[in-house]
1. Running a GNM on the chain with Cα contacts under 10 Å, which residue among 224, 52, 315 ends up with the highest mean-square fluctuation?
2. Rounded, prolate or oblate: which fits segment 206-259, taking a ≥ b ≥ c as square roots of the Cα gyration tensor eigenvalues, rounded meaning a/c under 1.5, else prolate when a/b beats b/c?
3. If R₀ is 22 angstrom, what is the calculated FRET efficiency for the pair residue 49 and residue 360, using the beta carbon separation as r and rounding to 0.05?
4. Which value in deg cm²/dmol, rounded to the nearest 500, describes the helix-derived mean residue ellipticity at 222 nm for the chain, given -39,500 (n - 2.57) per DSSP H run of n ≥ 4 and division by the residue count?
5. Given axes a ≥ b ≥ c from the Cα gyration tensor, I'd like to know whether segment 241-393 is rounded (a/c under 1.5), prolate (a/b larger than b/c) or oblate.
6. Would you mind pulling out the separation of the Cα centroids of segment 180-239 and segment 382-426, in Å?
7. Can you work out the FRET efficiency for the pair residue 296 and residue 42, with r the C-beta to C-beta distance and R0 = 41 Å, to the nearest 0.05?
8. Can you tell me how the chain classifies by the Cα gyration tensor, rounded, prolate or oblate, using a/c under 1.5 as the rounded cut?
């Protein structure tokens, strides 16, 4: 009876989030208010320059792969401190760009290929904010910068053991803070492990930081194939909310109340060393969309029901992502292959896989940041500084605006909140709005 009531409560909350009215416009976590890379903002800028539509620019101490979280008038970002081993948590005023506080969280000398310790994005709930870092520290602050609690996931559960550095962002949802660790069973680098490391999803009480539950996530993948860099998403299935994860050659669904694994689907059966996954899952129209490793394909997954197992509805393997999470926006699925074939964006019918259009972004470097969207526009940003705005929907690929910045490298997605874009470069945080 208690479980039934709790699941009904989760469904009601998710329903409210997915039908959130236009006046609630924050971008509280990595994939935005709807967990799919989109929001419902209106009147967003199609173009900008140093003198047009740039509301403010605030300097940052160094680079980060994390996307800015915008909540209740505050903007939160993580950052390395350039030229040092230190990393920090930062808070800015959304209206003026004034830095309200900066907290020195820790330091670590480990070097990560094409990454740093500040790739997990912060998450906020209007009163408190939660920062997670690639070597394990998890810290909660109130909006005035007072530390509420802290934990160290690596010290408690062993080396986070991902070749390119732990990058999973926390999920804050329906009164719980979810942390995902899908990792190799043996570390690449220090700290050493006494025995095989497990992968797991865990739920914390955001008020106290205490563990509510921890659920092991098993796999028969091996070596780098055991690793995943994505983030948990909520999904309504058969009238109940499930927590979806990908990696280790499986999609898994977990009960948000107690963590129990509800079902799993094996999307890759040929066990090879390097099947690691970077993008997260995305869902829409009752379908789950995931990618295989290293451009090996995109798949649309129908979840199981009482009579039928989960099954793949359609696949696409011409221009599939390696790093960018797909975007679901206004009934369409958008996919970015940001590293090959001219850096291609494809627009799909999510139910059938039919292509509406496909086009090349070009640019010199890889496009590792994920697409975001609102107001009929897609926002794309490249590691080497190219920024492109595309028209969403329609039957053809249409570029609305292109610009470039020299403040590289850029791996953070563009946040959208309150009629503005928040763009994090390696040197500055930009607020773009009419």
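Please treat every number below as a calculation from the coordinates, not as lab data. The structure presented is a predicted model; accordingly, all values stated were derived computationally and were not measured. FYI the Cβ positions are ideal-geometry reconstructions off the backbone, even for glycines, and counts take in every protein chain you see.
1. It is 52.
2. Judged from the Cα gyration tensor, segment 206-259 comes out oblate (a/c at least 1.5, b/c at or above a/b).
3. That gives a FRET efficiency of 0.35.
4. After summing the helix terms and dividing by residue count, I get -1500 deg cm²/dmol.
5. Verdict is prolate for segment 241-393.
6. What the calculation gives is 31 Å, centre to centre.
7. 0.60
8. Judged from the Cα gyration tensor, the chain comes out rounded (a/c under 1.5).
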